[in-house]
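First up is the structure itself, then whatever we jot down about it.
The values are calculated or read from the model by the stated rules, or taken from the named source; none is laboratory data. Not measured: the values here are computed from a predicted model. Cβ atoms come from the backbone with ideal geometry, glycine included; neighbour counts cover every protein chain shown. We work out accessible area using only protein heavy atoms, side chains counted, and drop any ligands, DNA or RNA first. Shrake-Rupley method; radii C 1.70, N 1.55, O 1.52, S 1.80 Å.
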Amino acid sequence: MDWLTFFGRFHVLALHLPIGILSLAAIAEIYYARKSEKERPDFLRAVWLWGTLSAAIAAGLGYLLSLSGGYDETTLERHLITGIATGVVGFLCWLVFGLIKVRRAGAVYTLAGLQLLLMGITGHLGGNLTHGPEYLFEHAPNPVRKLAGFGPRRIARPAVTDLNQADVFLDVAQPLLELRCTSCHNPSKTKGGLLLDSYENIMLGGDTGAAVVPGDLIASELSIRINLDPEHDDFMPSGGKIPFTEAQTRVMDWWIEIGAPAGGTIASFAPSPEVSAWIAAALDQPTPAVSLTNELGLPKLPALSRDVLMELESLGFDATPISETVTHLDIDFYRIGSETITDEHVQALLKARDHIAWLNLGNSGLTDAQLETIGQLPNLLKLDVSNNPVTDTGISALTPLPRLQTLNLHHTKITDNALPVLDQLITLEQANVWATSVTPGSAATRPYAEIATGFSVPERDGSSK
Ligand code: HEC
């Protein structure tokens, strides 16, 4: 049982007694300063005495509390001195006004005023000790905070639930610095002239210059210091304080390497799986930040079953996963001889519905009716339906495609009327419409429309005028 701390904690309770009693005494003394001796109540003497005694008790308990440690030393020292001074001045007041009965207004104003002032300062320092210097102004309007010497108010971050969406500075770098560094690098304790309490201050650097040079670990004093041998004089945190874990060190370095950004989601900086694991470990998160989308920006999917792949192959499709890490498919249809693609073929594609990213059905005899089915492939990025008898009607079936980026339409029967339909495909980047009835004038108004092939523009009997 820790008796000292047990009693010490009563300081927080007891300190209100001297505050109440001594302010009452001081205010009353000032009030009666210019009144006749007869009017001044006699019990004021007792009030000064009780105030002084309670101040002594509060100071004693405060001392016990200070032994439990963990307080900012400079503030603690000042609080102790002003606290004792409060008691001493209280005692003086009792002596001067109560016993010696000095009634000179000047003396009253000076002593009583000093008493009130000391109590105010002691209380404020005490508050800073328990709540930190920023407590009082934490919720103050920003201009008021600026006057008091604090930066703009910090908006509390919600707890990280999805690492991908966590902010690289606000949820990663900043909390780590707050955990291990800001106790010595803050506005009231600026060791090495370096403040690590806000993005701007980190970037300002310290006495020896820049602490963080975006993208340059070798030049970043902060990285150098945390990577030293813990026994080294320059190692940070200094003074044998708990250092960063291996993962936390790596993550701070990663943040500097990606350019020390002031914000942005983790996912947007595409950390490698290794870095993801460090971030998770550094932030005590159970699962690493794994990107939910693959290189193509498509939702990650398990590989398509072999049975479906085999079935597609047997129908004459060439279906292959796009890469080792992208399970989505690149599918081509090769027509053999004069044989055209059938409804059975097109329906079979629906079995790989979510997996089809690239689809080449060029020169397959594809019809408008069959395009209805193609319009149901949610992850389609590239579609080639060139050299087919498809018309504007068929193209309108493609508008539900949410991700379509490239569309090959050359040598089809489409006209200018297809363009308003294509306009609805907001993700569309490129549509090859050469060798169709689309007029160059209309195509020119569409940034996605490619009317020239780049190597040859087939003439279509005068329609390209
Ligand atoms: C116990 C107090 C303490 C803690 C905690 C602490 N530092 Fe320091 N830091 C100092 C002192 C003292 C200096 C100045 C002496 C020196 O340069 O070694 C300093 C200096 C620095 C400097 C050099 C500033 C300059 O320009 O000279 C950097 C960078 C630094 N600290 C980074 C950190 C980082 C990062 C952390 C957290 C991992 C940290 N410190 C934690 C006390 C501390």
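State yes or no: is A46 open to solvent by less than 20 Å² (accessible area, probe 1.4 Å) and either over 18 Å from L92 (Cα atoms) or of a type outside the set (D, E) (or both)? Here the answer is no, as A46 does not meet what is asked.
The set of residues in region 187-200 being touching a Pro at 6+ places or on another chain (Cβ under 9 Å) and either open to solvent by less than 30 Å² (accessible area, probe 1.4 Å) or of a type in the set (G, A, S) (or both) consists of S188, S198. Taken together, the residues in region 34-58 that are in contact (Cβ under 8 Å) with a residue 24 or more places away in the chain and hydroxyl-bearing (S, T, Y) amount to 2. Among the residues of region 426-444, those that are surrounded by fewer than 16 Cβ atoms within 10 Å (Cβ to Cβ) and either among the aliphatic types (A, V, I, L, M) or under 22 Å from R403 (Cα atoms) (or both) comprise I426, T427, E429, Q430, A444.
Every residue, every condition in (1) in the same structural domain as L349 (by TED's automatic domain parsing); (2) within 22 Å of T342 (Cβ to Cβ); (3) part of a loop (DSSP other than H, G, I, E, B), yes or no:
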{"residue": "S386", "(1), (2), (3)": "yes, yes, yes"}
{"residue": "P389", "(1), (2), (3)": "yes, yes, yes"}
{"residue": "L407", "(1), (2), (3)": "yes, no, no"}
{"residue": "A431", "(1), (2), (3)": "yes, no, no"}
{"residue": "T436", "(1), (2), (3)": "yes, no, yes"}
{"residue": "G441", "(1), (2), (3)": "yes, no, no"}
{"residue": "R446", "(1), (2), (3)": "yes, no, yes"}
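Yes/no matrix, rows are residues, columns are (1) away from the ligand (no atom under 12 Å from the Cβ); (2) in a loop (DSSP other than H, G, I, E, B); (3) not assigned by TED's automatic domain parsing to the domain that holds R180:
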residue: S223; (1), (2), (3): no, no, no
residue: I226; (1), (2), (3): no, no, no
residue: D229; (1), (2), (3): yes, yes, no
residue: K241; (1), (2), (3): no, yes, no
residue: R250; (1), (2), (3): yes, no, no
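Can you find a residue that is over 20 Å from T122 (Cβ atoms), aliphatic (A, V, I, L, M) and without any contact (Cβ under 8 Å) to a residue 60 or more places away in the chain anywhere in region 3-25? Within region 3-25 (the criterion being over 20 Å from T122 (Cβ atoms), aliphatic (A, V, I, L, M) and without any contact (Cβ under 8 Å) to a residue 60 or more places away in the chain), the answer is no, since none of the residues qualifies.
Here is a check on your reading of the model: is G106 over 19 Å from P18 (Cβ atoms), open to solvent by less than 60 Å² (accessible area, probe 1.4 Å) and small (G, A, S)? Yes: the conditions hold for G106. Against the conditions (1) at negative phi; (2) within 13 Å of the ligand (Cβ to nearest atom), W278 satisfies every one except (2).
Would a scan of region 130-147 turn up a residue that is over 26 Å from Y32 (Cα atoms), in a helix (DSSP H, G or I) and open to solvent by less than 40 Å² (accessible area, probe 1.4 Å)? Yes, region 130-147 contains a residue that is over 26 Å from Y32 (Cα atoms), in a helix (DSSP H, G or I) and open to solvent by less than 40 Å² (accessible area, probe 1.4 Å). The residues in region 406-421 that are out of contact with any helix residue (DSSP H, G or I) (no Cβ under 7 Å at 6 or more places or on another chain) and open to solvent by less than 60 Å² (accessible area, probe 1.4 Å) can be counted, and the count is 6. Mind counting the residues in region 160-184 that are within 16 Å of the ligand (Cβ to nearest atom) and in a loop (DSSP other than H, G, I, E, B)? Of the residues in region 160-184, 4 are within 16 Å of the ligand (Cβ to nearest atom) and in a loop (DSSP other than H, G, I, E, B). For I27, work out the one condition from (1) under 17 Å from V102 (Cβ atoms); (2) among the β-branched types (V, I, T); (3) exposed (fewer than 14 other Cβ atoms within 10 Å of the Cβ) it doesn't fulfil. It fails just one condition, (1).
Every listed requirement among (1) in a helix (DSSP H, G or I); (2) surrounded by fewer than 15 Cβ atoms within 10 Å (Cβ to Cβ); (3) away from the ligand (no atom under 16 Å from the Cβ) is met by R157 save one, (1). Within region 201-221, restricting attention to residues that are within 9 Å of the ligand (Cβ to nearest atom) and acidic (D, E), the residue that is surrounded by the fewest Cβ atoms within 10 Å (Cβ to Cβ) is D207. Among the residues making up region 97-146, those that are over 27 Å from L80 (Cβ atoms) and outside the structural domain of T75 (by TED's automatic domain parsing) are H139, A140, P141, N142, P143, V144, R145, K146.
With the structure loaded, tell me whether N387 is free of Cβ contacts under 8 Å to residues at least 40 places away in the same chain, under 25 Å from L315 (Cα atoms), crowded, with 16+ Cβ neighbours inside 10 Å and touching a His at 6+ places or on another chain (Cβ under 9 Å) or whether it fails that test. Considered against the rule, which asks whether it is free of Cβ contacts under 8 Å to residues at least 40 places away in the same chain, under 25 Å from L315 (Cα atoms), crowded, with 16+ Cβ neighbours inside 10 Å and touching a His at 6+ places or on another chain (Cβ under 9 Å), N387 comes out as yes. Going by what's in this entry, would P261 be described as within 8 Å of the ligand (Cβ to nearest atom), touching a residue at least 12 places away in the same chain (Cβ under 8 Å) and in a loop (DSSP other than H, G, I, E, B)? Against the criterion (within 8 Å of the ligand (Cβ to nearest atom), touching a residue at least 12 places away in the same chain (Cβ under 8 Å) and in a loop (DSSP other than H, G, I, E, B)), P261 does not qualify.
In region 340-361, the residues that are closer than 15 Å to L401 by Cβ form Cβ pairs under 9 Å with partners that are of a type in the set (K, R) and open to solvent by 50 Å² or more (accessible area, probe 1.4 Å), at six or more places apart or across chains, as follows: A357/K382; A357/R403; W358/K382; L359/K382. All told, H232 meets the bar of being out of contact with any Pro (no Cβ under 7 Å at 6 or more places or on another chain) and open to solvent by 60 Å² or more (accessible area, probe 1.4 Å). Looking at region 261-274, is at least one residue assigned by TED's automatic domain parsing to the domain that holds N363 and small (G, A, S)? Looking for residues that are assigned by TED's automatic domain parsing to the domain that holds N363 and small (G, A, S), one finds none in region 261-274, hence no.
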